[in-house]
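Comments concern the structure below.
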Amino acid sequence: MRGMEKRYPNQDLARLLRKNQTDAEECLWRYLRNKQLAGYKFRRQYAIGNYVADFACLNCWLIVEIDGGQHSMESEIVHDNARTAYYE
């Protein structure tokens, strides 16, 4: 099945997250979609390597993460730090 390979292993997860976004993500997406922010194109729940960025602008190499209260747990802090290091 040539051409059917996934670019990233998390593409299915990204698709699921787009369908089940948080209220905060939905609110911000209203302002980022359709190049409303200074003409920059943002992607929502975009798979990058082993992670899924909440929002990414590929033209300016910008990633926006919206982390809620669940990210204050120690295990999530470790995961978030690893994700940040990978993105940087």
task: Kindly list the number of the only condition in (1) surrounded by 13 or more Cβ atoms within 10 Å (Cβ to Cβ); (2) farther than 18 Å from THR84 by Cβ; (3) modelled with pLDDT under 90 that fails for LEU28.
output: (3)
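Yes/no per residue for (1) in a loop (DSSP other than H, G, I, E, B); (2) at pLDDT below 90; (3) among the hydrophobic types (A, V, I, L, M, F, W, C):
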{"residue": "MET1", "(1), (2), (3)": "yes, yes, yes"}
{"residue": "GLU5", "(1), (2), (3)": "yes, yes, no"}
{"residue": "ALA14", "(1), (2), (3)": "no, yes, yes"}
{"residue": "PHE55", "(1), (2), (3)": "no, no, yes"}
{"residue": "SER75", "(1), (2), (3)": "no, yes, no"}
field: Residue pairs meeting the criteria (Cβ under 8 Å; at least 6 apart or on separate chains; first under 24 Å from ASN59 (Cβ atoms), in segment 14-33; second aliphatic (A, V, I, L, M) and surrounded by 16 or more Cβ atoms within 10 Å (Cβ to Cβ))
entry: ALA14/ALA47; ALA14/VAL52; LEU17/VAL52
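The values are calculated or read from the model by the stated rules, or taken from the named source; none is laboratory data. Everything quoted here is computed from the prediction, not taken from an experiment. Ideal geometry is used to build each Cβ from the backbone, glycine not excepted, and the neighbour counts take in all protein chains shown.
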